[in-house]
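S.K.: Okay, here's the structure, questions in a sec.
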Amino acid sequence: MACHPELARRLKIDIWFCDPHAPWQRGSNENTNGLLRQFMPKGTDLSDASQTWLNDVARLMNGRPRKTLGWKTPAEAMAEELHDFSSTVALDL
């Protein structure tokens, strides 16, 4: 994120960072960490995990509906965002 000012300018978005030692400012991140702990207990050595297993975990996580996304899955929310973004970019051209 060393180039975040340039990224923010190009994408016309605000970027902000949470304060250190303030997990309440990272609600979605902390929730995701908790969900990942169902697959990987704290201290799990990821060098022992196969790429196939990691891909399976990612697929399960991205296919799980989330309250914060209006009960859409992260995959559905991302697809929607990308569709909206590409529509906006097409209009700007």
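S.K.: Take the Cα of PHE85, step 7 Å along the line toward its Cβ, and report every residue of region 1-26 whose backbone nitrogen sits under 11 Å from that point.
M.R.: 11
S.K.: Tell me whether region 49-93 comes out rounded, prolate or oblate; compute the Cα gyration tensor, take square roots of the eigenvalues as a ≥ b ≥ c, and use a/c under 1.5 as the rounded threshold.
M.R.: Working: a/c = 5.69, a/b = 1.81, b/c = 3.15.
It is oblate, given that a/c is not under 1.5 and a/b is not larger than b/c.
S.K.: Same structure, new question: Once phi is turned into ³J(HN,Hα) by the Karplus curve 6.51 cos²θ - 1.76 cosθ + 1.60 with θ = phi - 60°, what whole-Hz value does each residue of region 76-87 show in order, with x for glycine and proline?
M.R.: Result, rounded to whole Hz: 5, 5, 5, 4, 5, 4, 5, 4, 4, 5, 5, 5.
S.K.: Looking only at Cα atoms, what is the convex hull volume of the chain per residue, in Å³? Don't skip to the end; give the middle numbers.
M.R.: Values: hull volume 15.4 nm³, N = 93.
So the per-residue Cα hull volume is 165 Å³.
S.K.: Per-residue HN-Hα couplings for region 59-65, Karplus 6.51 cos²θ - 1.76 cosθ + 1.60 at θ = phi - 60°, whole Hz, x for Gly and Pro?
M.R.: 4, 5, 5, 6, x, 9, x
S.K.: What are the residues whose amide H is under 5 Å from the amide H of LYS72, where those residues sit 5 or more places off or on another chain and H is modelled from the backbone?
M.R.: It is ARG66, by chain and number.
Coordinate-derived values only; no laboratory data. Keep in mind it's a predicted model, so treat the numbers as computed, not measured. Note that each Cβ is placed from the backbone with ideal geometry, even for glycine, and that neighbours are counted across all protein chains shown.
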